[in-house]
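A.B. asks: Sharing a structure below in structure tokens format, with a few things to ask.
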Amino acid sequence: MASTRAKLITGLVATSALVLTGCSGGGSQGDGGAESYQIGINQLVQHPALDAATAGFKQAFTDAGVEAEFDEQNANGEQATALTIAQQFAADDLDLTLAVATPAAQAMAQNIINIPLLFTAVTDPVSAELVDSMEAPGANVTGTSDAAPIERQLELLKKIVPDAKNIGIVYASGEVNSQVQVDQAKEAAGPLGLEIQTQTVTTVNEIQQAVEALGDVDAIYVPTDNMIVSGISSLVQIAETKKIPVIAAESGTVEGGAIATLGIDYTELGRQTGEMALRILRDGADPATMPIETATEFTYVVNEAAAERQGVTIPEDILAEAERK
């Protein structure tokens, strides 16, 4: 459990006489004499949302005029690789680490105990056992959640597909964040007159078969599932053939062929995480007492070409507010 992990880490930190709040003094001198920080980034997989989060994190340092060297590593969707990266970071002389996506964060939390660990693009850090609570994370871990406004996204789906009754969701069985979102979707679906049908996958290669196995659904909802998003073209291919509208949880998936979302700006979420990192490094903030932060603003994003291919029309009131992909 997360609380057990927090107690273990507290003991280890005390034994080794390492004080996390003193990390602001851990940087080295840059070329111009200014302090420069060494930061390791463990990103689960390459896809637009996670890439944007990483870019936003780094941009926060640039905007603040703070020098940092980033060791960026990508696990290519493999948990074993994420663990290997985490183990290497644990052995390196780093001032702070960042995990991008839930499985990467879980791998890092198992190994990074003596320096601050931030995460971003994690839906439910409590369920993932990364922190004790959203308000008081405990130990050396904190960050930002990309929890999506799922009820509002299903309301969007109903606006675009008014007669929809059966909604399909394909998700990776090994991603805790995806199961959380599926449970939330099922809870939100009832009052909207929707029923959720699900299929799970263990690899990207299973996505098309899983979409076929959903059967006769009226629309597909794509959560912020790293495996599905990285293989979105496979899902969209079947959806377009069958004229099944696809609604997404984030804008990168819309760019990849979904019709629309009311979603998070992952660049801004990453920047928000970077600002948290700066408070730790420069101001001596303690990750254990820094509440998990979440996105507060959501934006309509649409793909009109995808809507045409999937046989629906996006309402004018949504188009009036939306960004185009």
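The values are calculated or read from the model by the stated rules, or taken from the named source; none is laboratory data. Given the structure is predicted, the values throughout are model-derived calculations rather than measurements. Note: ideal-geometry Cβ built from the backbone for every residue, glycine included; neighbour counts use all protein chains shown. We work out accessible area using only protein heavy atoms, side chains counted, and drop any ligands, DNA or RNA first. Shrake-Rupley method; radii C 1.70, N 1.55, O 1.52, S 1.80 Å.
A.B. asks: Looking at the range 37-83 only, could you name the residues that are of a type in the set (A, V, I, L, M), in a loop (DSSP other than H, G, I, E, B) and surrounded by fewer than 20 Cβ atoms within 10 Å (Cβ to Cβ)?
C.D. replies: Here is the first cut: in the range 37-83, the ones of a type in the set (A, V, I, L, M) are 39, 41, 44-45, 49-50, 52-53, 55, 60, 64, 66, 68, 75, 80, 82-83.
Next, only the ones that are in a loop (DSSP other than H, G, I, E, B) stay: 44-45, 66, 75.
Answer for the range 37-83, where residues must be of a type in the set (A, V, I, L, M), in a loop (DSSP other than H, G, I, E, B) and surrounded by fewer than 20 Cβ atoms within 10 Å (Cβ to Cβ): just V66.
Matching residues to (1) under 20 Å from the mean Cα position of the chain (by Cα); (2) open to solvent by less than 50 Å² (accessible area, probe 1.4 Å); (3) modelled with pLDDT of 95 or more; (4) aromatic (F, W, Y):
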{"residue": "G252", "(1), (2), (3), (4)": "yes, yes, no, no"}
{"residue": "G257", "(1), (2), (3), (4)": "yes, yes, yes, no"}
{"residue": "E275", "(1), (2), (3), (4)": "yes, no, yes, no"}
{"residue": "R282", "(1), (2), (3), (4)": "no, no, yes, no"}
{"residue": "T289", "(1), (2), (3), (4)": "no, no, yes, no"}
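A.B. asks: Hey, among the residues in the range 198-220 that are among the β-branched types (V, I, T) and part of a loop (DSSP other than H, G, I, E, B), which one's nearest to G263 (Cα to Cα)? Break it down stepwise before answering.
C.D. replies: Going residue by residue through the range 198-220, those that are among the β-branched types (V, I, T) are 198, 200-204, 207, 211, 217, 220.
Now narrow it down to the ones that are part of a loop (DSSP other than H, G, I, E, B): 202-203, 217.
Values: T202: 25, T203: 25, V217: 23 Å.
Residue satisfying both the conditions and the ranking: V217.
A.B. asks: Criterion first (modelled with pLDDT under 95, β-branched (V, I, T) and open to solvent by 20 Å² or more (accessible area, probe 1.4 Å)) does V204 satisfy it? Steps first, answer last, please.
C.D. replies: Working: modelled with pLDDT under 95: no; β-branched (V, I, T): yes; open to solvent by 20 Å² or more (accessible area, probe 1.4 Å): yes.
No: the conditions fail for V204.
A.B. asks: If you don't mind, there's one more thing I want to ask. Looking at the range 167-197, which of the residues that are open to solvent by less than 50 Å² (accessible area, probe 1.4 Å) and assigned to a strand (DSSP E or B) is farthest from V236 (Cα to Cα)?
C.D. replies: Per the stated criteria, the residue is I196.
A.B. asks: Moving on. Suppose we filter the range 295-320 for residues that are part of a loop (DSSP other than H, G, I, E, B) and touching a strand residue (DSSP E or B) at 6+ places or on another chain (Cβ under 8 Å); how many remain?
C.D. replies: Of all residues in the range 295-320, those part of a loop (DSSP other than H, G, I, E, B) come to 295-298, 303, 310-315.
Filter once more, keeping what is touching a strand residue (DSSP E or B) at 6+ places or on another chain (Cβ under 8 Å): 295, 298, 303, 310, 314.
Residues meeting the conditions: 5.
A.B. asks: Would you be able to tell me the number of residues in the range 237-259 that are polar (S, T, N, Q) and free of Cβ contacts under 8 Å to residues at least 60 places away in the same chain?
C.D. replies: Residues of the range 237-259 that are polar (S, T, N, Q), as a first pass: 237, 241, 251, 253.
This time we only want the ones that are free of Cβ contacts under 8 Å to residues at least 60 places away in the same chain, so: 237, 241.
Final tally of qualifying residues: 2.
A.B. asks: Separate question: Pick from L118, L130: which is in contact with a strand residue (DSSP E or B) (Cβ under 9 Å, 6 or more places away or on another chain) and part of a strand (DSSP E or B)?
C.D. replies: When all the criteria are applied, what remains is L118.
A.B. asks: Follow-up question, since we're still on this one. Within the range 90-106, can you find the residues that are crowded, with 24+ Cβ neighbours inside 10 Å, part of a helix (DSSP H, G or I) and of a type outside the set (S, T, Y)? Please lay out each step first, then the result.
C.D. replies: First, pick out the residues of the range 90-106 that are crowded, with 24+ Cβ neighbours inside 10 Å: 96-105.
Cutting the leftovers down to part of a helix (DSSP H, G or I) gives us 102-105.
Within the range 90-106, P103, A104, A105 meet the criteria.
A.B. asks: Okay, next question. Consider G143 carefully, then state whether it is of a type outside the set (S, T, N, Q), in contact (Cβ under 8 Å) with a residue 60 or more places away in the chain and surrounded by fewer than 24 Cβ atoms within 10 Å (Cβ to Cβ). It would help to see each step written out before you state the result.
C.D. replies: Values: of a type outside the set (S, T, N, Q): yes; in contact (Cβ under 8 Å) with a residue 60 or more places away in the chain: yes; surrounded by fewer than 24 Cβ atoms within 10 Å (Cβ to Cβ): no.
Against the criterion (of a type outside the set (S, T, N, Q), in contact (Cβ under 8 Å) with a residue 60 or more places away in the chain and surrounded by fewer than 24 Cβ atoms within 10 Å (Cβ to Cβ)), G143 does not qualify.
A.B. asks: Continuing with this model, one more query. For the range 146-166, give me the residue count where each residue is more than 16 Å from the chain's Cα centre (by Cα) and either surrounded by 19 or more Cβ atoms within 10 Å (Cβ to Cβ) or not in a loop (DSSP other than H, G, I, E, B) (or both).
C.D. replies: Of the range 146-166, the ones more than 16 Å from the chain's Cα centre (by Cα) are 151-166.
Next cut, either surrounded by 19 or more Cβ atoms within 10 Å (Cβ to Cβ) or not in a loop (DSSP other than H, G, I, E, B) (or both) only: 151-161, 164, 166.
Result for the range 146-166: 13.
A.B. asks: Regarding the range 221-236, can at least one residue be identified that is in a strand (DSSP E or B), touching a residue at least 40 places away in the same chain (Cβ under 8 Å) and among the hydrophobic types (A, V, I, L, M, F, W, C)? Show your work before the answer.
C.D. replies: Filtering the range 221-236 down to residues in a strand (DSSP E or B) leaves 221-222.
Narrowing further to those that are touching a residue at least 40 places away in the same chain (Cβ under 8 Å): 221-222.
Narrowing the set further to residues that are among the hydrophobic types (A, V, I, L, M, F, W, C) leaves 222.
Yes, the conditions are met somewhere in the range 221-236.
A.B. asks: Oh, and also: Of the conditions (1) open to solvent by 50 Å² or more (accessible area, probe 1.4 Å); (2) closer than 30 Å to A64 by Cβ, G263 satisfies every one except a single condition; which number is it?
C.D. replies: (1)
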